[in-house]
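Working notes, beginning with the structure itself.
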């Protein structure tokens, strides 16, 4: 029984390794900025010096869904101007 558990976990490790290897080129051109506590912005560098806003993530500890939506509505223009 232990052997099957080890085999299963080693397969998972292999899969996660494959995922990280296939995403290396993407992650080299991406970074995360913390705009304010609980707000994380993922930015991707594009050819020609352009930038793309890839994702805005909110901490569940500090933002509920409604609060996050309101924050985005109020700060969207500033985020685009500041980071892109």
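Every number here is computed from the coordinates shown, using simple stated rules; none is lab data. All figures in this text were calculated on a predicted structure; none of them were measured in a lab. Ideal geometry is used to build each Cβ from the backbone, glycine not excepted, and the neighbour counts take in all protein chains shown.
Quick check on my filter: what residues within segment 48-64 are exposed (fewer than 10 other Cβ atoms within 10 Å of the Cβ) and within 21 Å of residue 80 (Cα to Cα)?
Across segment 48-64, the qualifying residues are 48, 49, 50.
Give segment 53-74 a look and list any residue that's in contact (Cβ under 8 Å) with a residue 12 or more places away in the chain and assigned to a helix (DSSP H, G or I), or say none.
71, 72
If you go through segment 35-52, how many residues are within 14 Å of the chain's Cα centre (by Cα) and outside any strand (DSSP E or B)?
Number satisfying all stated conditions: 1.
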